[in-house]
Amino acid sequence: MKKPLIVVRDLSIGHGDTVLLERANFAVERGDIFIILGGSGCGKSTLLRHLIGLETPFSGDINIAGVGAPRLEGASPRYGVMFQSGALFSSMTVGENVGFALQEWTELPSDAVSAIVRAKLTLVGLEGSENKLPAELSGGMRKRAAIARAMAFEPNLIFLDEPSAGLDPVSAAELDDLILALNGGLGLTVVMVTHELESIFKVGKNCIMLDRETRSIIATGDPNRLRTESEDPRVRQFFNREAGAH
Amino acid sequence: MTKGDTLIEDEVDALIDRPSRVDDRLSLMVGLVQRFTWERAGTEEAQRIELGGSITIDDSAALWKKVGESLLELKAARSVHIDLSQIQLIDGACMALLVHFRNDIRTRGLTCEFVGGSPDVERIVDLYGGHKRSKRRRVQRKPVNAVEQVGNATVAVLHEIRQILDFIGQLVASTILAVKNPKTVNFHDVGPTMERAGADAAPIVMLINFLIGFVVAYQSAAQLKQFGANIYVVDLVAVSMTRELGPLMTAIIMCGRSGAAFAAELGTMKVSEEVDALRTLGFMPLRHLVMPRMLGLVLVAPFLVLLADAVGIAGGLVVAAMTLEITPTRFLIQLQSAVKPSDIISGLVKSVAFASAIALISCQQGLATTGGAEGVGRRTTGAVVSILFALIVLDALFTILLAGLGL
């Protein structure tokens, strides 16, 4: 059996004096679509930022690909990240955004970079947009462009922060299809934060659910099974979109 | 018209029954006119307040007045029931006032309940937590005394100093690594920075420094005339422009233009996660964002100062020719003996230090931005104020240092 791609052991995270998650343990298998779930303020995005390596945990280990803690700066990107707002560089065109890391970290000539950029934009359904500025794109297109940028360096792991938040149902469904295609076609491992139930059931293979009160993981597994089989009322409430008791 | 139609029209009329005359609206706003009913019933001990009619935002002033009056009349009461059965319509704002009224009564140790509301009214009561038991009295904010305020401010200042030292430490480490491996520095942005901070700033730098030279010469002309020392206006303008005013005024303009721009630009990048995105692509914000800006500013500042010196002296020349009868030729001959190379060099050295301070402070403040648009504004203001303070301190230090070195 293959080793998991991400192994998290005894992880405690938070910011300032606030602890959001205590001694959490989980693993993400290769080829998984792994979803981090939970109510507002439970630390989903903070956990994602720790997995990416943007924050340092209070204690515990995150091991990616058996190499060690996530390392970001000073080397070519080892995994792709799409931020909630897209976070495209506003002063660059879409094409420059996608080709930026390739230009900096490889010796490829600019026409080769352009060819890769065009291919990546076609992959996310944005062919012909390379000369547009991010401000000229719609919210959904910006997120697709951000996925293309995250995919530029051919990672085998991609992190997505609320990919379908703020999108219309059609764009959100298209984005779900894109995630499934990337996972199925390219074998990409996807770790994403979302609370769009339709997305969760459609694309999610595994998930963890965080709880703000207990600062722990309260459910792990296939979201479609947890929805019906979980005995925890908090988990059922989340998956069945029921209002909390006042 | 059918009966049904009339009913619907009546209901619509009731819903949009808002006073059209300004006088009527003003009377309602200050609570002089009351359009709903508020009756007290029951015994002195078990009081009942019966509300009726339509109570909307236009009636809120009158309702609030009634709430205030009623609270004074509850001294002997043990329980109060607020009867909502006669209410035809109540909006959220007025319901919020009634919930506040009920909570206020409860904090006095009395029992108080809403009774008799229609399903629509009950729904609004529920939305505003009207049937919930209030868990505790409102927490009074403790006043912060002077010692605590000083303590909080000290902690905040220490935190800020730690952030700045952290930034300087990272920058030094980054610079050492960048010297070892210059390819990792983003040199592409140095040129555009020089263009924006240098070439684009040249017109305003020239205009301000010309006027400064002009004013210095004009102010001193009257005094020098009294002693027949007209020619020394050249020395005065030339030395003050090259040593002091040229570098300082240019730095102040750079602070307002480039410093504010750097802080706002990096701050916006920080809050829109562009800085994080840069890190995930393997780039160091210090080498990619800070160093090119610092290099651009440091390279362009001496040229701007030379320009400032020249136009400042030209300003003096115009005044000398107009009011002191010193011909341009005499002015230029005197200028050769008035200005020593060390005057110009000391100004250029200062300009490099000023440019470094502007770039460092503005980038540090920009990258420390948190929150949204308000955070960007706060950090931009902070950057400009800190830079102005740093410029004056640096200027004083350089004056002492250069005097000590005999320059």
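Just a few scattered comments:
- Of A:44/B:270; B:75/B:142; A:3/A:44; A:132/A:202; B:66/B:142; A:2/A:120, pairs whose Cα-Cα distance is over 22 Å: B:75/B:142; A:3/A:44; A:132/A:202; B:66/B:142; A:2/A:120
- Order by protection proxy (mean Cβ within 10 Å, highest first), peptides A:179-192, A:152-165: A:152-165, A:179-192
- Net charge in the neighbourhood of residue B:346 (other residues with Cβ under 14 Å of its Cβ; Lys, Arg +1, Asp, Glu -1) is -1.
- Summed side-chain charge close to residue A:127 - residues other than residue A:127 whose Cβ falls under 13 Å, Lys, Arg +1, Asp, Glu -1: +3
- Cα-projected label distance for residue B:57 with residue B:223, points at 7 Å along beta-carbon direction, nm: 6.4 nm
- Label-to-label distance, residue A:122 versus residue A:173, with points set 7 angstrom from Cα along the beta-carbon direction: 2.6 nm.
- Between A:11, A:153, A:85, the Cα set farthest toward the positive side of the dipole of chain A (charges on each charged residue's Cβ, about the Cα centre) is that of A:11.
- Exercise: per-residue mean of other protein chain Cβ atoms within 10 Å, B:268-277: 5
- Prolate/oblate/rounded label for the protein assembly as shown (Cα gyration tensor, a/c 1.5): oblate
- The range A:129-158 and the range B:299-376 have Cα centres spaced 45 Å apart.
- If the segment from residue B:69 to residue B:110 were pulled out straight at 0.36 nm per residue, it would be longer than the present Cα-Cα gap by 13.1 nm.
- Taken residue by residue and averaged, Cβ atoms of other chains lying within 10 Å of the Cβ of A:88-96 number 2.
- All aspartates and glutamates inside 15 Å of residue A:205 as judged from Cα atoms, apart from same-chain residues fewer than 8 positions distant: A:29, A:32, A:176, A:177, A:196, A:222
- Averaged over residues, the count of other Cβ atoms within 10 Å places the peptides A:13-22, A:111-120 in the sequence A:111-120, A:13-22, highest first.
- Charged neighbours of residue A:29, selected by a Cβ distance under 15 Å, balance to +2 (K, R count +1; D, E count -1).
- Residues in the range A:188-223 reached by a label modelled at residue A:12 [backbone nitrogen below 20 Å; 7 Å Cα→Cβ]: A:210-218
- Each residue in B:309, A:10 was given a count of other beta-carbon atoms within 10 angstrom of its own, and listing them fewest first yields A:10, B:309.
- MRE, 222 nm, helices only [DSSP H, n ≥ 4, -39500 (n - 2.57), over chain B, to nearest 500]: -21500 deg cm²/dmol
- Here the spin labels are modelled as points 7 Å beyond Cα on the Cα-Cβ line, and at residue B:399 and residue B:330 they lie 3.1 nm apart.
- Counting only DSSP beta bridges whose two residues both lie in the protein assembly as shown, roughly 45 percent are antiparallel.
- Averaged over peptide A:103-109, the number of partner chain Cβ atoms lying within 10 Å of each residue's Cβ comes to 2.
- Within chain B, percent of DSSP bridges classed antiparallel, to nearest 5: 30 percent
Every number here is computed from the coordinates shown, using simple stated rules; none is lab data. A quick note: this is a predicted structure, and the numbers were derived from the prediction, not measured. Cβ: placed from backbone, ideal geometry, glycine included. Neighbour counts: every protein chain shown.
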